[in-house]
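*Asks:* Structure provided below as C-alpha cells; questions to follow.
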Amino acid sequence: MHLSTANEKMIEELLGKMTMKEKIGQLYQVGPSPVGGFNISAEDARQMLESGKINEAEYTAIIENSLLDGREDIIRDGLIGSFIGINDRRKANRLQKIAVEESRLKIPLIFSMDVVHGHKTIFPIPLGESCSFDRELFYQTARAAAKEAAEDNINWTFAPMIDVSRDARWGRVAEGAGEDTYLTSVFAEAKVKGFQGDDLSAPDSIAACAKHFAAYGACEGGRDYNTTDMSLNRLDEVYLPPFAAAAAADCATFMAAFNDLNGLPCTMNPFLLKTVLRKQWGFNGAVISDAHGIEECIAHGTASDPADAAAKALKAGVDMDMGTEFYTNHLEELLGSGKIEIDDIDTAVRNILRLKAALGLFERPYAEEPEKSCALSAEHMALAKKAAVKSAVLLKNTGVLPLDKKEKIAVVGFFADSAFDMLGTAGQISGSENDVITLVSELKNRKSDFTYSPCIDTSYKLNSDELNKTVSGHDTVIACIGERLCESGEANSRSDISPTGDQNKMIEQLHKAGKKVITLLFTGRPMAISETAENSDALLAVWHPGTQAGPAVCDLLFGDETPNGKLTMTFPQNSGSMPVYYNHVPTGRPADETNWTSKYKDCPYTPLFPFGFGLSYTKFGYSDFKCEFKDSHLLCSVMIKNAGDFAGEETVQLYTHRLDAETTRPVKELKAFKKVHLLPGEEKTVEFSVPQERFAYYDFGGNIINNKSRYEVFIAPDSASGEPIYITF
Ligand code: BGC
C-alpha cells in the first residue's frame, strides 16, 4: 500500500489524538452472524422469516445475536472499525454517516464482504474460471466484481482465495484455482490487480484480501478446518508462492487461516504473519483474522482464555479481529498487565487506518448513487457468459458434440433448471437466483426443440417411469448431474465425491436404452465419475457457471463456441484414491503395472482425468518442439496447428522435471503456459522464456538450490502427455 506523505502524517496525528478505547475500536470488525448469515437487522430478519428464507430457529438466533441493531451508539463512540456483510448502499451510508459526522474523530468505517466470484453478476466459481488459464479473464471478472461491489459501498473483499488444494474432498476447492502453485500464483496476481484496479483510492476499487494464510488447503483428509502439518520445504515451495505473488501485487490485506500449521494456529503465528509476510515479503498492509479465528485458538488448545487468545493474536500480527469481541474486551486489561505493549496496539491501529486512507475513505466515505449502475450491465453479462464458456472442460466426446441446432433433444436432471445452484458457493452471498438464466430457460429463449423433466428430485431420487417417458422418441439426451451449491464450499467437505443418489443410475439407464448421452457436470469440485464417464458419450464439466449458465452452456452444446478449458485439478478414479495430484514427487517405487509399486491395487494408478486435460471440438497438433538455455532463461518453442474444423484456443503447457537433485522433485511442474487462438488449418509458433529463478528449490536444510541439473522438458496439451527433451542448465 502506498500512501502520500500527507496521509501518513494525518494518520500519525490521528493516532496521537485517540483514546485507548478508540484505538481498540478500530481493531474490531462486527460479524459475521453465528447462523452463517451476515449482519442482519431485526427488520430484515422478520421479512426473511415471512418470505420463508429462514426458519423460526434461525430467526431467533439472528434476533438474539443481532449484530446491527443498537450498534449506532457504539459507532458514535468510535468503538467499531469495520462491518462485514452489509450488502446495501443505503444501510452502509447510514452507518457511515454516524461514524464520519457524529463520532469524535470522524474516522470512517470500512465495509467488507466476501465478493469472491462476482457481486450481482455472478461469474463461474473460481475453480471453474481457473480452467480457462486466462490471466486477462481472471483480471476482468475481478474488476467487474469490484465495480459492482463498490457501488454498494463495499470497500474490501475477502478474496482471492489462493489456497493450493490437492484433495477434492475439501469443499473449498471450489473457491480457489486448483492444485498447481504456479497457476494459483498467476491467478492471485491477476485477481488482486482486478479488485484493486490501478489506484486503490479510486471509487471503483476495493481492497483485496489474500486468504487463507497459510496452507489451509492442506487440511488433513480434506476435512474443513482440519489440522495441517508439513515440512517447511513443502510450505515454501507449494503453499506460500501464491501468497508471495499476492504480496508482490500489492495486495492490501491478508487473512490468517483457521488451521494450525505444524502445531501453531495461523492466527497466532508470528513466523507467518511477521517474519514471512512483513519481513521477507515487505508487506505493509493490514492483517485480519478469519471469522472467530481468535476465539478458536482456545479450541485449538493454544490459548487458555479469551484474553490469552487476544494477546497471542495481536502479538503475532493480527490487526483486526473478525467477529469476536476479544480485542474489544481484553486489550486494555492486557496492556495494564504488561502482556502486550502500546506499540502492539498502535501498529495494528496504524495498519487499519492506513488501509482506510489508501482506499480514500477519509475523503470519500460514502458510495454515491450511480447515475447508471453497472450491476448486471450488458457488458458484465457478456463477460459472465464468456467466463462460463471458457471455464467448461470437455472430458469426453465420441463425436456427439456439438449438436445440430435442429436436433430434437430431451433434457433431464434438475440442474438444468436450478437457478440457485448455478450461483455457486460464494455467488449466493450477493447474487440472486432471479438473475440466473438456466439451461432450460435459455433453450426456451432459443426456441429449441426440446423436452424437459428433472426425473430426479433434489434428494437425488430417480423416477424411472418419468425418465422413460421424457426420453422416449429422442435419440439424444442431455443429462444434467453434479452437486448442489450447498454440497461444496465452506464446511462442505465430503468423504465420497461420487455423484450422490441415483445420478449414475440415471446415466446408466439412458446408456442401456441406447441413447446418446451427453452429460453436463455442474459441480464445485472434481468428482469421482469413472462410471459416469463410461456411460456417457460426451462429458462436459461446466462447474457452477454463474448468472449466464444457460447461454454459455447452449453456445457450447450447439457449437457456437468450442470448449477450451483445461482441468486445474485432477479428477480421481474414486474417492479413496485421493489426494491425487499431478505434481507429486516420485517414490522409490514409482507406480506401474507390476507388483510391489506405489499404488492402490483396486483402481488404476493413473487418474481418471489429469491436470491440464481438456478436449475441444477441434484438434491441435504439436510439432517442432525445441529447447535451449540462454541468458539465464529456458527458451522453448513449439508449432501448434489447428488440424480440425473448428476455430479454437489451445492452452499450451510447459512442464519440467529436475533429474539431479538434493531432495525429491515433482515428476512434473508447470513452469509456464500460453494460449493460442487458431482458425481451422492455421498454425503458429508458441514461444516460452522461463527465467532460471523459477527452477529454484530447497535442500533438506532449507537452503535454496539453483545449480546445474539435467531436466526433462515437456510441452504438451496436458500434464500426462508429451515426450521430453533432455537439457542441462
Ligand atoms: C471464511 C472466510 C470468509 C469469512 C467471512 C469464514 O468462515 O473462512 O473465507 O472470508 O468467513 O465470510
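*Asks:* Could you run through region 331-350 and say how many residues are farther than 16 Å from ALA309 by Cβ and surrounded by fewer than 18 Cβ atoms within 10 Å (Cβ to Cβ)?
*Replies:* So the answer is 7.
So that you can scan it fast, the table gives a plain yes or no per residue for (1) among the β-branched types (Val, Ile, Thr); (2) assigned to a loop (DSSP other than H, G, I, E, B); (3) in contact with an Asp or Glu (Cβ under 7 Å, 6 or more places away or on another chain):
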site	(1), (2), (3)
GLU332	no, no, no
ASN351	no, no, yes
ARG354	no, no, no
GLU363	no, yes, no
GLU368	no, yes, no
GLU379	no, no, no
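*Asks:* Identify all residues within region 234-270 that are surrounded by fewer than 17 Cβ atoms within 10 Å (Cβ to Cβ) and not charged (D, E, K, R); write none if there are none.
*Replies:* Across region 234-270, the qualifying residues are ALA248, ASN262, GLY263, PRO270.
*Asks:* Residue under question is THR328, and the condition is that it be in contact with a strand residue (DSSP E or B) (Cβ under 6 Å, 6 or more places away or on another chain), more than 16 Å from the ligand (Cβ to nearest atom), of a type in the set (Val, Ile, Thr) and open to solvent by 10 Å² or more (accessible area, probe 1.4 Å); does it hold?
*Replies:* For THR328, the condition - in contact with a strand residue (DSSP E or B) (Cβ under 6 Å, 6 or more places away or on another chain), more than 16 Å from the ligand (Cβ to nearest atom), of a type in the set (Val, Ile, Thr) and open to solvent by 10 Å² or more (accessible area, probe 1.4 Å) - is met.
*Asks:* Would you check which residues across region 66-81 are part of a helix (DSSP H, G or I) and either touching a Leu at 6+ places or on another chain (Cβ under 7 Å) or within 16 Å of the ligand (Cβ to nearest atom) (or both) and list them?
*Replies:* Passing the criteria: only ILE75.
*Asks:* Give the residue that is nearest to the ligand (Cβ to nearest atom), with candidates limited to residues of region 82-138 that are open to solvent by less than 10 Å² (accessible area, probe 1.4 Å), in a helix (DSSP H, G or I) and closer than 25 Å to LEU383 by Cβ.
*Replies:* Top of the filtered list is PRO126.
*Asks:* Within region 202-210, can one find any residue that is buried (at least 18 other Cβ atoms within 10 Å of the Cβ), under 21 Å from GLY317 (Cβ atoms) and either more than 17 Å from the chain's Cα centre (by Cα) or more than 15 Å from the ligand (Cβ to nearest atom) (or both)?
*Replies:* No, every residue in region 202-210 fails to be buried (at least 18 other Cβ atoms within 10 Å of the Cβ), under 21 Å from GLY317 (Cβ atoms) and either more than 17 Å from the chain's Cα centre (by Cα) or more than 15 Å from the ligand (Cβ to nearest atom) (or both).
*Asks:* Give region 476-497 a look and list any residue that's surrounded by fewer than 23 Cβ atoms within 10 Å (Cβ to Cβ) and charged (D, E, K, R), or say none.
*Replies:* ARG484, GLU487, GLU490, ARG494, ASP496
*Asks:* What number of residues within region 140-169 satisfy the criterion of being among the β-branched types (Val, Ile, Thr) and not in a loop (DSSP other than H, G, I, E, B)?
*Replies:* 2
*Asks:* For region 498-547, which residues satisfy the criterion of being surrounded by fewer than 24 Cβ atoms within 10 Å (Cβ to Cβ) and assigned to a helix (DSSP H, G or I)?
*Replies:* Selection gives ASN504, LYS505, GLU508, GLN509, HIS511, LYS512, SER530, GLU531, ALA533, GLU534.
*Asks:* Condition test on LEU353, is it closer than 30 Å to ALA6 by Cα, crowded, with 21+ Cβ neighbours inside 10 Å and away from the ligand (no atom under 16 Å from the Cβ)?
*Replies:* It is true that LEU353 is closer than 30 Å to ALA6 by Cα, crowded, with 21+ Cβ neighbours inside 10 Å and away from the ligand (no atom under 16 Å from the Cβ).
*Asks:* Being touching an Asp or Glu at 6+ places or on another chain (Cβ under 8 Å), at pLDDT below 95 and either charged (D, E, K, R) or part of a helix (DSSP H, G or I) (or both) is the filter here, so list the residues in region 8-44 that pass it.
*Replies:* ALA42
*Asks:* For region 387-473, list the strands (runs of 3 or more DSSP E) that sit wholly inside it and hold at least 1 residues that are of a type outside the set (A, V, I, L, M, F, W, C); which are they?
*Replies:* 393-397, 450-453
*Asks:* Which members of region 668-689 meet the condition of being over 26 Å from the mean Cα position of the chain (by Cα), of a type in the set (A, V, I, L, M, F, W, C) and surrounded by 15 or more Cβ atoms within 10 Å (Cβ to Cβ)?
*Replies:* Of everything in region 668-689, those that are over 26 Å from the mean Cα position of the chain (by Cα), of a type in the set (A, V, I, L, M, F, W, C) and surrounded by 15 or more Cβ atoms within 10 Å (Cβ to Cβ) turn out to be LEU678, VAL686, PHE688.
*Asks:* Please state which of the following conditions TRP156 fails to meet, knowing it meets all the rest: (1) of a type in the set (A, V, I, L, M, F, W, C); (2) more than 12 Å from the chain's Cα centre (by Cα); (3) more than 16 Å from the ligand (Cβ to nearest atom).
*Replies:* Unmet condition: (3).
*Asks:* Let me ask something additional. Considering only region 211-223, state which residues are open to solvent by 20 Å² or more (accessible area, probe 1.4 Å) and touching a Phe, Trp or Tyr at 6+ places or on another chain (Cβ under 9 Å).
*Replies:* Scanning region 211-223 gives ALA218, GLY221, ARG223.
*Asks:* May I pose another question? Taking the conditions exactly as written (small (Gly, Ala, Ser), without any contact (Cβ under 8 Å) to a residue 24 or more places away in the chain and either buried (at least 18 other Cβ atoms within 10 Å of the Cβ) or more than 21 Å from LYS279 (Cα to Cα) (or both)), does GLY323 satisfy them or not?
*Replies:* no
The values are calculated or read from the model by the stated rules, or taken from the named source; none is laboratory data. Just so it is clear, the model here is predicted, and its values are computed rather than measured. When we count neighbours, we look across all protein chains shown, and the Cβ atoms used for this are built from the backbone with ideal geometry, even at glycine. Ligands, DNA and RNA are excluded from the accessible area calculation, which covers all protein heavy atoms including side chains. Shrake-Rupley method; radii C 1.70, N 1.55, O 1.52, S 1.80 Å.
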